[in-house]
Each structure stands twice: as structure tokens, then as C-alpha cells.
């Protein structure tokens with residue numbers, strides 16, 4: 001093997017090693033930082049891990065929102081019409097948070113089964129349904145359109161909060 | 001009346017533009033292949049005509065918005081007669097169809113500029129470049145006409161009132177952010193076209209890089225400005241006080257920026273030294289592909305965010321097909337042609353070439369990191385493997401070490417010479433900069449702040465100072481040796497480099513300080529109550545209902561004092577937009593070079609209290625100031641005399 005080839009080989013080996021290390025680190029960082037999504041039914045069924053950040057989503061149950069009188073702590077219940085998960089959040093709810101609205105919560109599950117939320121996401125307009133929530137409802141045989149129609153006709157057991 | 005049929009004229013203009021762009025795609029390329037001067041000469045007039053007709057279509061749509069023509073679906077969905085006229089005008093690119101029209105218009109504008117400013121290129125090269133641009137343009141115009149026609153009408157029963165523009169977009173930021181960002185995105189198509197033209201022509205020498213360099217730099221400057229504006233807009237408009245969320249849409253604009261930065265530097269090496277020829281072409285292809293991928297991600301509806309408007313799957317598939325054809329075709333040409341290219345020039349491990357190569361690789365790894373974090377959830381969910389999201393910790397964990405290495409080499413690059421740099425001289429040149437960076441970077445947070453010293457603050461400041469000191473070193477040394485005449489000897493493109501690197505240093509200072517030292521409190525307040533945040537006292541003195549043109553607002557007044565002295569009166573608002581029945585937080589800012597005060601109204605609570613988000617954000621403006629400096633640096637580099645001189649001389653030659 002002549003000198004030029006030897007040097008090229010070293011360069012190629014070095015690059016391969018570098019790429020391998022980088023990809024390993026990336027995948028490791030990725031594993032540490034992905035948040036899995038669980039439906040309320042899965043959470044009540046104890047499928048979700050406690051003490052680790054997860055995402056959960058569903059419809060905010062009518063009449064469940066309760067604000068503490070002298071702090072920003074708020075509790076409410078998220079439902080997929082099969083199971084209910086209590087959520088506790090200390091902070092400011094997004095503009096589009098309303099009872100009857102589909103939301104996504106990022107937080108950790110404590111031992112008592114309450115989801116301690118670090119973020120509450122309610123995006124877009126009042127007809128928007130987060131994708132995960134739509135999927136959860138889909139499993140119940142409800143499409144977001146059905147849900148919206150049922151809500152409009154007042155047939156739903158959890159009707160939407162009064163619109164302003 | 002002309003105004004009644006304006007949308008039809010718009011569609012007609014779009015069809016004519018498509019016809020011209022198809023001609024522009026086919027005829028000059030065949031002409032260049034068969035060496036027929038007449039066929040090649042088609043390129044320029046077609047580019048001009050295409051730009052003219054797209055401008056007409058754009059004006060037609062804009063007039064539809066100005067005159068509230070709600071029979072046009074797109075106008076009805078995104079405008080309202082109560083909307084102020086300037087937002088009605090910006091609503092043209094406020095949603096999917098119109099922003100694709102803007103994309104195409106800007107693409108044709110770049111084509112027009114190339115046909116004017118690069119007219120002295122060899123004829124076959126110009127024909128190929130404009131031909132490639134014509135192919136891209138045809139693809140996008142087909143996309144608009146087949147799936148997203150902005151002129152579709154609802155007749156005869158047109159709605160009497162529009163659904164209004166998304167309130168989040170009713171903001172001065174919207175006026176400038178998308179056109180800037182698109183100028184950047186689309187501008188990389190010019191670099192791509194030059195690279196492809198060089199490959200097709202089999203002339204992959206250093207010449208094409210000299211022609212492509214200014215175009216790439218301009219596109220990069222626009223993209224930098226667009227990203228900075230987007231970050232600024234998110235900061236004050238979303239009401240959370242964050243300036244970067246690692247949202248897929250932000251990532252979509254960051255990826256082409258990272259690879260575009262690598263391309264800009266690699267072009268410099270290829271032009272000056274003839275090194276990295278194939279690598280540069282590959283980067284040009286990657287940059288434009290990532291611009292297209294960004295468009296796909298944002299427009300296809302696979303992501304949910306403020307930006308994703310299209311939820312029609314046929315659109316997503318069309319863009320994906322366009323992306324696949326472009327990338328596949330380009331890589332195929334590359335694979336067929338590139339192996340013939342040799343870069344016979346060698347260089348040592350300590351040289352500007354080597355440092356540029358290292359940083360190219362690091363920038364690419366950063367882009368791959370972002371790509372992985374953005375696409376991983378999409379791939380998993382499309383394979384039915386569950387729904388996940390990748391959080392900001394992933395990106396931060398990888399970006400901080402990568403950026404650290406990047407900054408180290410970024411300092412060494414400008415100090416070293418091409419080809420080979422003796423170790424002793426390199427150390428001598430960077431010793432002062434390194435010493436100052438270490439001492440000030442570690443010492444400053446100890447001396448000034450009331451806050452505890454933190455290793456990440458020291459790291460950020462050391463890196464920023466290192467980059468700043470090393471980029472200024474040559475000018476400073478020359479000032480010492482030759483007096484005031486010294487700095488005049490450097491070219492404008494050298495100062496462009498200095499300004500660009502300084503811009504990044506300024507951004508790093510901002511990012512470091514605001515991430516580590518910001519103070520944030522969520523409180524409940526009523527009139528007469530006060531809260532202390534970060535040494536400032538915020539007292540709510542008034543709450544009032546204020547009517548707006550198309551909304552109702554509640555406005556709070558906060559008196560801000562520090563040590564008893566009045567700083568500012570702040571007026572955060574909560575707006576309720578009547579047409580969309582949507583609430584919106586209007587933040588109040590007291591902006592300053594060393595700190596921002598940030599107040600946002602949350603929601604009204606049971607007893608009349610309001611939830612408030614109160615934040616003190618030190619040095620947050622520096623992040624965007626750095627972006628502006630980088631863009632100015634790009635502009636200065638293009639202003640360099642050497643880009644104008646040879647072209648003028650070539651132009652005088654009889655051809």
C-alpha cells in the first residue's frame with residue numbers, strides 16, 4: 001500500500017468513525033427526549049409510565065375546570081369518553097383553551113394518577129382538533145366531523161362551553 | 001367592468017406564465033445541447049415574459065383583496081371588509097394559495113435578475129441556467145393551477161362578508177417575514193441552477209462558482225433576515241416570550257440556512273483554490289432540496305402549526321413528487337457527471353481549506369440533526385408506530401456541542417492561509433484573541449451580573465468573543481502596521497465576512513444571556529396590585545375595554561418602576577376578533593438593547609383578576625441584531641467591486 005492510499009484509508013476510516021459516533025449520540029439524545037402520546041384510556045389503564053414526561057390529549061370535560069382562588073393553579077379533567085384523567089396546571093392557559101375543546105397536555109404522571117402539566121396546548125381555531133385527539137376519538141367511532149355535528153346539535157354528553 | 005373579471009384575467013395570466021416557463025425550460029436547454037444560438041436566445045425573453053405575467057396575476061389577486069371581491073374563495077377565506085387595507089394587501093400571502101403564488105413570482109423575479117445581471121455569461125451557460133429555472137417554475141405553476149388556484153370563485157351566490165385573516169397574522173411582522181424568507185428559499189434555486197448548468201455543460205471548473213457566488217450570498221442574506229424576522233415575530237406575537245421553539249416549521253427554514261452557509265463557504269474555497277468541486281455541487285443540490293423539503297413540510301399539512309394551511313392530501317403528494325423529481329434528477333445528473341471531475345489541488349491539515357471543510361461537515365451534521373428530529377415523528381406516525389414528539393432538549397443537547405466546535409474552527413479559518421499554515425504562526429496569530437476571549441468571557445459574568453456565575457454563560461461569551469476577535473484580527477493588525485490606510489486595503493467582501501462573523505457572535509451573546517438569565521413569572525393581578533420581577537416592579541393601574549377595527553380588546557395599564565423611578569407605562573391587550581371569534585394576546589414590550597420587559601395578558605379569572613405573564617429578558621434583541629448584521633455582511637460581500645468588473649468587461653466584448 002503506497003503512502004497516498006494509506007492516507008486516504010486513514011481519512012475514510014476517520015470519517016466513518018466520526019459519523020458513527022455522531023449518529024450514536026443523535027439517536028441517544030433522541031431516545032432521551034421523545035415524548036410518547038397516551039390517550040386517557042391508556043393512562044387510566046396504567047399503560048403510561050409515571051415520573052417521565054409524556055403527552056396526553058382529549059376533550060376538556062364540561063364543568064371540570066377549577067381555578068384556585070389565589071394562585072394560577074388550575075385543575076380540569078381530560079376525557080376520551082371512555083376514561084377521565086385529572087390534570088393539574090400552574091400557569092396561564094392558552095387563548096383557545098375552553099371546556100369542550102380538544103387539547104394536548106405535556107406533563108408527568110404522579111403516583112395518584114394526576115397528570116402534572118408543564119404545558120397545555122390548544123392551537124388554531126375552535127373547530128380544530130389536535131391530530132392525536134382526533135385519532136383517539138376515531139377509535140371510539142367518532143370522527144371530528146361527527147363530534148362537531150353532535151356538538152352543534154347538542155346531542156353530545158359533553159357539550160361545548162357557551163360561546164361568547 | 002374590468003374589476004368583475006379580474007380573477008379570470010389572473011388565471012389567464014397564470015396560464016400564459018406557465019406556457020412561457022415551459023418554453024423557457026425546453027427550448028434553451030435543447031438549444032444548448034444542439035448548439036443552436038437562436039434556440040438558446042429564447043431563454044431571456046421567456047424569463048422576462050414569465051415575470052411580467054406572474055406580476056399581473058399577483059396584482060389581480062391583490063386588487064381582489066383591496067376591493068373585497070368575496071366571490072373569490074381565497075379572498076373570502078382570508079379577508080374581511082373591516083380589515084385595514086394594509087393587512088388586506090398582506091393577506092395575499094396570508095395562506096396557502098397566495099403564498100405559492102408569491103413563491104412563483106419571486107422565482108420568476110430571480111430569473112429576471114439573472115437574465116439581466118448575468119447576461120454576459122457564456123451563451124450556453126445562461127441558456128442552461130435559465131432553462132433549469134424554467135423547469136422549477138413550470139413545476140410550481142402546474143402545482144398552483146392544478147391544485148391551488150387562488151382565483152377559484154364561488155358564483156353566483158358569493159358570500160357578502162369574508163372570514164377574516166387569522167388574527168395571529170394581522171401584524172407588521174407578516175408584511176415582511178414571508179417575502180424575505182421566500183426570497184431566501186427561492187434564491188437558492190439560482191445556485192442550484194448554476195450547479196446543474198455546470199454539470200450539464202461538463203464545465204465544472206471554478207468559473208461557475210465565481211458566477212454563482214454572489215447569487216448564493218444574496219439568497220443567504222435574505223434567508224438570514226427572514227429567519228430573524230420570524231423569530232422576532234414569534235417572540236412578540238405568540239405571547240409566550242420564547243424566540244425559538246424548534247417547531248418543525250422553524251426547523252424547515254433552519255435546515256437550508258445551515259447547508260446554505262456551508263455552500264457559501266465551500267463556493268469560496270472552490271473559486272479561490274479549485275478544491276471541493278464535487279462537494280460544492282452536492283451542497284448546492286442539498287440546499288435547494290432542503291428549501292423544497294421545507295416548502296413540502298410547511299404546505300402539505302403533515303405538520304400542524306400556524307403555517308400549515310393545506311390539508312388537501314393531493315397537494316402534499318404533488319409537492320412530494322416535485323421534490324422527488326428535482327432531487328432524484330439532480331442527483332442522477334450529479335452521479336453521471338461528477339466522477340469526471342478531479343480536484344487536483346492538495347492542502348495541509350492546518351490551512352484555511354481544511355478548516356472550511358471541517359466547518360462544512362459540522363454544518364451538515366447540524367442540518368442532519370435537525371432533519372432527524374423533524375422527520376422522525378412523521379416517519380413513526382406514518383408507519384403506524386405511535387405518536388411521539390421530539391422536544392427542544394434533543395436539539396439543545398446536540399446543538400450546543402456542535403456550535404462550540406463550529407465556533408472554534410470559525411475563529412481559526414480567517415486567521416490561516418490557503419493551502420498550508422505553519423503551526424507556530426497560527427498560534428502566534430490567535431494567541432491574543434484566545435487570551436482576551438478566555439479572560440473576558442470567564443471574568444465578565446463574575447464582575448457585572450448580580451446573578452451567579454454559570455459555566456454555560458462563560459462558554460457562550462468565550463466563543464462569541466473568540467469569533468469576534470479572530471474575525472477582526474487582520475483588520476486590526478493592518479491598522480497597527482499601516483495606520484489608518486491599513487483597513488482601506490481590504491476588499492468589501494473581506495468586510496462582509498467580518499460583519500457576518502460578528503453578527504453570529506452578537507447572536508450567540510444574545511442567546512447565551514437570555515437563555516440563562518431571563519426571569520419569568522406568571523401571576524394574578526387586579527387593579528392596584530403589584531408584582532416584583534427581576535428588580536422591576538409592575539403595578540396594574542387600569543383595565544379598560546377598547547374597541548378596534550375588527551376586534552374588541554381589554555387593555556391593561558401597568559406602571560413599571562425600578563427603585564422608585566418610573567421606567568415605562570405598558571399596555572398589554574387581550575383581543576377578541578369578531579369575524580373568527582378568536583381570542584388573541586397582544587403583548588406589551590419595553591424594548592432595550594440590554595433588556596426587554598415583556599408583559600402578556602393571560603385570561604380573566606373568576607373575581608376579576610387577570611393572569612399575567614411578566615418576563616425580564618436580558619439581551620434578547622442581540623439575537624435578531626446579529627441576524628441583521630449577518631444579512632448586511634452578505635450584502636456588503638456582494639457589493640464587492642470584483643463581481644461587477646469582469647462582467648462589465650465581458651459585456652463590452654463583441655460576441
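Whether any residue in the stretch B:46-67 is in contact with a strand residue (DSSP E or B) (Cβ under 8 Å, 6 or more places away or on another chain) and surrounded by fewer than 24 Cβ atoms within 10 Å (Cβ to Cβ) is what I want to check. Within the stretch B:46-67 (the criterion being in contact with a strand residue (DSSP E or B) (Cβ under 8 Å, 6 or more places away or on another chain) and surrounded by fewer than 24 Cβ atoms within 10 Å (Cβ to Cβ)), the answer is no, since none of the residues qualifies. Without any contact (Cβ under 8 Å) to a residue 12 or more places away in the chain and either more than 29 Å from residue B:247 (Cβ to Cβ) or in contact with a strand residue (DSSP E or B) (Cβ under 8 Å, 6 or more places away or on another chain) (or both): does that describe residue B:431? When the stated conditions are applied, residue B:431 passes them. The condition (being outside any helix (DSSP H, G or I) and over 21 Å from residue B:333 (Cβ atoms)) is satisfied by just one residue among B:160, B:224, B:115, B:108: B:160. Summed over the stretch B:58-93, the residues that are under 16 Å from residue B:164 (Cβ atoms) and part of a loop (DSSP other than H, G, I, E, B) give a count of 9.
Count, please, the residues in the stretch B:387-403 that happen to be part of a helix (DSSP H, G or I) and either surrounded by 13 or more Cβ atoms within 10 Å (Cβ to Cβ) or more than 9 Å from chain A (Cβ to nearest Cβ) (or both).
The qualifying residues number 11.
Within the stretch A:36-65, the set of residues being surrounded by fewer than 13 Cβ atoms within 10 Å (Cβ to Cβ), over 25 Å from residue B:388 (Cβ atoms) and either within 9 Å of another protein chain (Cβ to nearest Cβ) or in contact with a strand residue (DSSP E or B) (Cβ under 7 Å, 6 or more places away or on another chain) (or both) is empty. Here residue B:139 fulfils each of the conditions (1) over 24 Å from residue B:107 (Cα atoms); (2) not in a loop (DSSP other than H, G, I, E, B) apart from (1). Any residue at all in the stretch B:552-559 that's more than 14 Å from every other protein chain (Cβ to nearest Cβ) and not in a strand (DSSP E or B)? Looking for residues that are more than 14 Å from every other protein chain (Cβ to nearest Cβ) and not in a strand (DSSP E or B), one finds none in the stretch B:552-559, hence no. For the residues B:298, B:345, the requirement of being within 20 Å of the chain's Cα centre (by Cα), more than 14 Å from chain A (Cβ to nearest Cβ) and modelled with pLDDT under 85 singles out B:298. Is the stretch A:17-35 home to any residue that is in contact with a strand residue (DSSP E or B) (Cβ under 7 Å, 6 or more places away or on another chain), away from chain B (no Cβ under 11 Å) and at negative phi? Checked against the condition, which is being in contact with a strand residue (DSSP E or B) (Cβ under 7 Å, 6 or more places away or on another chain), away from chain B (no Cβ under 11 Å) and at negative phi, the stretch A:17-35 yields no hits at all. Taking the stretch B:571-600 as the range and being out of contact with any helix residue (DSSP H, G or I) (no Cβ under 6 Å at 6 or more places or on another chain), crowded, with 17+ Cβ neighbours inside 10 Å and within 10 Å of chain A (Cβ to nearest Cβ) as the test, the residues that pass are B:574, B:575, B:576, B:580, B:583, B:585, B:600. Would you be able to say whether some residue in the stretch B:606-618 is closer than 26 Å to residue B:177 by Cα, within 14 Å of another protein chain (Cβ to nearest Cβ) and in a strand (DSSP E or B)? Within the stretch B:606-618, one or more residues are closer than 26 Å to residue B:177 by Cα, within 14 Å of another protein chain (Cβ to nearest Cβ) and in a strand (DSSP E or B). The conditions of being over 30 Å from residue B:452 (Cβ atoms), crowded, with 16+ Cβ neighbours inside 10 Å and either touching a strand residue (DSSP E or B) at 6+ places or on another chain (Cβ under 6 Å) or not assigned by TED's automatic domain parsing to the domain that holds residue B:81 (or both) are not met by residue B:552. Would you please name the residue that is farthest from the other protein chains (Cβ to nearest Cβ), looking only at residues in the stretch B:373-386 that are modelled with pLDDT of 75 or more and touching a strand residue (DSSP E or B) at 6+ places or on another chain (Cβ under 9 Å)? Applying the filter and picking the extreme gives B:374.
Annotation note: of B:150, B:179, the sole residue that is crowded, with 23+ Cβ neighbours inside 10 Å and under 28 Å from residue B:69 (Cβ atoms) is B:150.
Looking at (1) surrounded by fewer than 20 Cβ atoms within 10 Å (Cβ to Cβ); (2) not assigned by TED's automatic domain parsing to the domain that holds residue B:602, which one does residue B:541 not meet, given that it meets all the others? Residue B:541 satisfies every listed condition except (2).
Is at least one residue of the stretch A:77-86 in a loop (DSSP other than H, G, I, E, B) and within 13 Å of another protein chain (Cβ to nearest Cβ)? Talk me through it step by step, then tell me what you get.
Here is the first cut: in the stretch A:77-86, the ones in a loop (DSSP other than H, G, I, E, B) are A:80-83.
Subset that is within 13 Å of another protein chain (Cβ to nearest Cβ): none.
For the stretch A:77-86, residues in a loop (DSSP other than H, G, I, E, B) and within 13 Å of another protein chain (Cβ to nearest Cβ): absent.
The values are calculated or read from the model by the stated rules, or taken from the named source; none is laboratory data. Since we're looking at a predicted model, the values are computed, not measured. All Cβ positions, glycine included, derive from the backbone under ideal geometry; neighbour counts span all protein chains shown.
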